[in-house]
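Read-outs throughout are calculated quantities, based only on the coordinates presented, and are distinct from any laboratory measurement. Note that the coordinates shown come from a computational prediction; the quantities given were computed from them, not determined experimentally. When we count neighbours, we look across all protein chains shown, and the Cβ atoms used for this are built from the backbone with ideal geometry, even at glycine.
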Amino acid sequence: MKYKDYYAILGIGRDASADDIKKAYRKLARKYHPDVSKEPNAEEKFKEMAEAYETLKDPEKRAAYDQLGRYTPGQDFQPPPDWGQQFAGARTAFDDIDFADLFAGLAGRHAAGARGARAFTSGRDYEAVVRLTFDQAFHGTEIELDLSVLEFDENGTPRRAPRRIKVRIPKGVTDGQQLRIPGKGGKGVNGGRDGDLYLDIAVESHPLYRVSGQDLYLDLPLAPWEAVLGTTVRLPTPAGAVSLKVPPGTRASQQLRLSGRGLSRPDGAAGNLYAIVQIVVPSAIDERQRALYRQLAETSNFNPRAHLEQEAVHEH
Amino acid sequence: MNIETFEALRIDEHGEIGWTQLIELSGLAEAELRELVEDGALVPVDPQSAQWSFHAYSVVVARTAGRLRRDLDLDAHALAVVLRFVARIEELEAELRALRAGVATSR
């Protein structure tokens, strides 16, 4: 088990008062709370400080923490021999739990004592981050999750149990979305309902498609003559390539819609894919092409700046 | 080894959820959740109905409320204000994503 210095995490001394602890936590929470912070690693930092606060704000847990002694953060350590006797129901081995679990057990005993041994408690909700590729999110996928589940025995002593489950992710999930697996969080105690497992979905960005809600956007570069004359192009979509008809006179930034080619919605329909027209010009042309462009310039009476010229006349 | 397979559900999979289920999923006490309804942070589908039901996305709002309440020690009124800010940030982020997605990248 790795030691954590809860006082250092909150930036306070070992003699800090309950009020100092609260103030330090609130100050850091304002900065790092994942719902409001854009700091890098905010979520990780916040979890660490919430864990520290959870222990130090409770006098019983703080006393148990202080009795562990002082070590370097991250150093491997075992609680002193008499610590288990005093705080963990005569437990002597702690290999199967995490550092924070040492104190979670105390809360369990305290709650059972306060509400009576038969009081039921709901299991905790768990959260896990699931990283998906764009294709996995688009088509749906099945993933394996390795969880470390905190359980309590009949004496309220905590232990970590490994659990591996397979999870089917529905198609069309988006970055930042949350999915729920009912009953797969912590076990309820004395008939309390089991907690749920929440999955925070993170989807890798794709080199071609940009996502907005259930719609997808893709850049479609066209040569000037393709935009003027119209053409048919082969266009990739996540569900397979399609032919897209580009009408004559297509303008730059125009969005050509491919209906139902976006991400699936829960109701079975799907968003759209929009091809955004870009008109690109060749970086180098030969003499013959230059002559043709000159000929076009001389023949055409198209004036793309007519509206600007009108404005300039008004100003005089 | 035979590993059990489970379906991950979209929170907004089902159109509406009931009051009891919302309490259960939010991790908040019924009185706290009721204050959020009174402050307008959670809006029942039909506020006049004797049995409230909510759009399924309310679970996300209620869970955020539970988290903020616990982590920041907020009272119900402050919680309702913060939730409004969080909702506004989410709206603006979605708008920004749509704008970014809809503009061709430079080549």
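Converting the Cα gyration tensor eigenvalues of chain A into ellipsoid dimensions via √(5λ) gives semi-axes, longest first, of 62, 25, 17 Å. Can you list the aspartates and glutamates whose alpha carbon is less than 16 Å from that of A:Lys187, not counting same-chain residues fewer than 8 positions off? In chain and number order, the partners are A:Asp101, A:Asp125, A:Glu127, A:Glu151, A:Asp153, A:Glu154, A:Asp196, B:Glu24.
Between B:Arg84 and A:Glu39, the simple label model (points 7 Å from Cα in the Cβ direction) yields a spacing of 2.7 nm. Only beta bridges with both residues in chain A are counted; by DSSP, about 70 percent of them are antiparallel. Using the Cβ-Cβ distance between B:Leu96 and A:Arg294 with R0 set to 51 Å, the FRET efficiency works out to roughly 0.70. Using the Cβ-Cβ distance between A:Val313 and A:Arg251 with R0 set to 30 Å, the FRET efficiency from 1/(1 + (r/R0)^6) comes to roughly 0.75. Counting, for every residue in B:24-37, the Cβ atoms of other protein chains within 10 Å of its Cβ and taking the mean gives 1.
If you take all other residues with their beta carbon under 9 Å from the beta carbon of A:Ala50, and give Lys and Arg +1 and Asp and Glu -1, the sum is -2.
Cβ crowding within 10 Å, taken as a proxy for footprinting-reagent exposure, orders A:Phe138, A:Phe87 from fewest neighbours to most as A:Phe87, A:Phe138. Per the Debye calculation on the stretch B:1-75 with a single equal scatterer at every Cα and no solvent contribution, log₁₀ I(q)/I(0) for q = 0.21, 0.27 Å⁻¹ amounts to -0.90, -1.34.
For the peptide A:23-30, the mean number of other protein chain Cβ atoms found within 10 angstrom of a residue's Cβ is 1. Beta bridges from DSSP with both residues in the stretch A:121-204: antiparallel share about 70 percent, rounded to the nearest 5. Placing pseudo-labels 7 Å out from each Cα toward the beta carbon at B:Asp75 and B:Val45 gives an inter-label distance of 3.5 nm. Dividing the summed -39500 (n - 2.57) terms of all DSSP H runs of n ≥ 4 by the residue count of the protein assembly as shown sets its mean residue ellipticity at 222 nm at -11500 deg cm²/dmol. Take the Kirkwood radius over Cα pairs of the stretch A:210-284, plug it into Stokes-Einstein at 37 °C and 0.692 mPa s, and you get 253 µm²/s for translational diffusion. With neighbour counts taken as other beta-carbon atoms within 10 Å, the residues A:Lys187, A:Lys4 rank, fewest first, as A:Lys187, A:Lys4.
Taking a sphere under 14 Å around the Cβ of A:Asp15 and counting the other residues whose Cβ falls inside, with K and R at +1 and D and E at -1, yields a net charge of 0.
What pairs in A:Lys23/A:Lys45; A:Lys31/A:Lys57; A:Lys38/A:Lys184; A:Lys57/A:Lys184; A:Lys4/A:Lys27 have C-alpha atoms more than 27 Å from each other? From the list (A:Lys23/A:Lys45; A:Lys31/A:Lys57; A:Lys38/A:Lys184; A:Lys57/A:Lys184; A:Lys4/A:Lys27), the Cα-Cα distance tops 27 Å for A:Lys38/A:Lys184; A:Lys57/A:Lys184. Note on A:215-227: average number of Cβ atoms from other chains within 10 Å of each residue's Cβ is 2. Computed over neighbours whose Cβ is under 12 Å from that of B:Arg69, the net charge equals -3, Lys and Arg +1, Asp and Glu -1. Residues B:Ile3, A:Ile279 in ascending order of nearby Cβ atoms (within 10 Å, fewest first): B:Ile3, A:Ile279.
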